[in-house]
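Trainee: Provided herewith is a single structure, encoded as structure tokens, for subsequent inquiry.
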Amino acid sequence: MAHVALYRKWRPLTFDDVCGQQHITDALRAQVQSGRVSHAYLFTGTRGTGKTTCAKILARAVCCEAPRDGNPCNECAACRAVLEENALDVTEIDAASNNGVDNIREIRDEAVFAPSMLRRRVYIIDEVHMLSAGAFNALLKILEEPPEHVLFILATTELHKVPATILSRCQRYDFRRIAPQTLSERLSRIARSEGIELTPDAAALLARLGDGSMRDAISLLDRARGGQSAVDVQTVTAALGIASGETLKRTMQALIDGDAPGALRLFTESYMQGRDVTSFFDELLNVMRDVYILKTTGLSEYLISSCAGDPEGLRALADGIDVQLLEYFVKTASELLSRLTRTAIRRTDGEMCLIKMALRYGAGQTAVPAGAVSAAPAKRPADDDTPPWREESGPAKQPGPEQPAAGPVRTEAQSGTGGDDGVRERFAALVGDKVNRGVRIYFDWTDFIPAPGRLTLAVPSEAVGFMSKPDVLAVFEQAAQQLGYPAVLVEEKGKKKARGHSPGLAEIRENAVKRGVSIREQPISDKH
């Protein structure tokens, strides 16, 4: 006998067998029991949640010769004919490949005839959103005024593509994603019946990977079992080509510690074992998501990554990272995943992403790589708080035998830092934690420009808004006053107005002549 995929073998045959959609199955069963079945239904929801399954159960139920509490008996001639796909009165159409107006016209012309064997003619149109505009128009009339013996069941994963004129003629039912606990219990029952030794951790992992889809979860179990009778977490990760939870936790810890070599080593090991780059970063992003959830809410019931079975390990990661850095990790990994769909050097892109996250490139801070020595920049003495504009002017001191020659002066035109002469470090130290970390990060891109009576902060354009808030300015003014500057000004970098001179009469006359404007000389009257 030919092998049958597990998701087909274990497809529910009655409404009672459908998992996770009780709000729909109860309503459909009640309608069948009372004989109040509508002429058209629209089932919508994500893939693998039971839309087509419920459509087939409903088709058998309305044609069943002896329904049981709204469920088909699956034993009468009508039910067997539908199950064996021998019933001429039940037609299932894939709108993805039969989406033309002629296909719908055939249905419309055929629907007017009475059923040949069963009680009703049933048309199941899967992926109905794929129909063309002409096909939808051809379907409208038969949906609005159908013969009494016709039942239409439409199914779609993209409801927004179905015209409102179709929606208004159908009873709509929204299928929900199935909870991981429900998926895990269903997988365990199937495994017991198939003689598969499925561990609870492996069932939970498969349920999370199924992402609310029963069909996907059962298909993953079919892949994971292979030719083995025992399925555990290691078997699942090896069969599905995903990184293990331990590898992902160690990679995340390396990123938090700024250990770029360690992160690269773990990624390379996973890559050489055949793990897909996209799958690796998908799971790593899920770990970041779980860490974020634990960091901000402490709720472990919403964990979805392959490390969800070890909430304490994830809590340890959450305790070692602040929210701003975690947001940077999430943003960087998300940008990589969107780029991986159109790059041919996936491994290189993945490695560069890990290095960028480990060393915090672009995050406003730079981690020191493991084993490297960081040279701290020289600072002015702590007691030297005299602002540059108050220093006494005098003849320049000539370098003596014990006095090194001064280096070249960095001007604002030469450097983006504005030649602040140490004001930046002292200002940042005085501000401290009185402002949020985002403001402090932008100090690295700010020009500190001392002037008599005022300290100007020239900041990037995107930072002007939040660095000009009253509460932030109050902190800035307090720090500036401690440095000897009565006032502080925050302005956009590069937007300073050039200070020119007022043109004289000779310059005005010269410019006019260049532009071909004639000037008439007129003597000034004595009265004026």
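No value in this document is a laboratory result; all are computed from the given coordinates. Computed from a predicted structure; not experimentally measured. With ideal geometry, Cβ positions are generated from the backbone for all residues, glycine too; neighbour counts draw on all protein chains shown.
Trainee: Hey, got a sec? Which GluC sites (Glu not before Pro) in segment 57-120 land in a DSSP loop and have at most 16 other Cβ atoms within 10 Å?
Mentor: Here the sparse-neighbourhood loop sites are Glu65, Glu75, Glu84, Glu85.
Trainee: Based on alpha-carbon centroids, what's the gap between segment 166-202 and segment 61-136 in Å, whole number please?
Mentor: 25 Å
Trainee: Can I ask one more? Nearest 20 debye, what's the magnitude of the dipole of segment 53-194 about its Cα centre given +1 on Lys and Arg Cβ and -1 on Asp and Glu Cβ?
Mentor: 500 debye
Trainee: Per the Kirkwood definition applied to all pairs of different Cα atoms, how many angstroms is the hydrodynamic radius of segment 245-358?
Mentor: 14.0 Å
Trainee: How big is the shadow of the Cα convex hull of segment 416-492, averaged over all directions, in nm²?
Mentor: Its average projected convex-hull area is 4.4 nm².
Trainee: Also: Hey, how many Å between the Cα centroid of segment 1-23 and the Cα centroid of segment 456-481?
Mentor: Cα centres, segment 1-23 to segment 456-481: 63 Å.
Trainee: For segment 180-240, taking Cα atoms only, what is the radius of gyration to one decimal and the Dmax to the nearest whole Å?
Mentor: According to the Cα coordinates of segment 180-240, Rg and Dmax are 9.8, 26 Å.
Trainee: Which order results if Asp349, Asp444, Asp471 are arranged by neighbouring Cβ count within 10 Å, fewest first?
Mentor: Asp471, Asp444, Asp349
Trainee: Please report Lys51, Lys141, Lys493 as a ranked list, fewest other C-beta atoms within 10 angstrom at the top and most at the bottom.
Mentor: Lys141, Lys493, Lys51
Trainee: Distance cut-off 24 Å, Cα to Cα: go down the list Lys434/Lys469; Lys9/Lys56; Lys249/Lys434; Lys141/Lys161; Lys9/Lys51; Lys51/Lys331 and report the pairs above it.
Mentor: Those over the limit are Lys249/Lys434; Lys51/Lys331.
Trainee: While we're on this one: Only bridges with both residues in segment 416-492 count here: give the DSSP antiparallel percent, nearest 5.
Mentor: Around 45 percent antiparallel, to the nearest 5.
Trainee: Show me, bin by bin at 10 Å from 0, the whole-percent P(r) of segment 6-175 based on Cα pairs.
Mentor: Histogram of Cα-Cα distances, whole percents per bin: 10, 41, 38, 11, 0.
Trainee: Still on this model: Relative contact order (percent) for segment 126-220, with alpha-carbon contacts under 8 angstrom and 6 or more residues of separation?
Mentor: Result for segment 126-220 is 25 percent.
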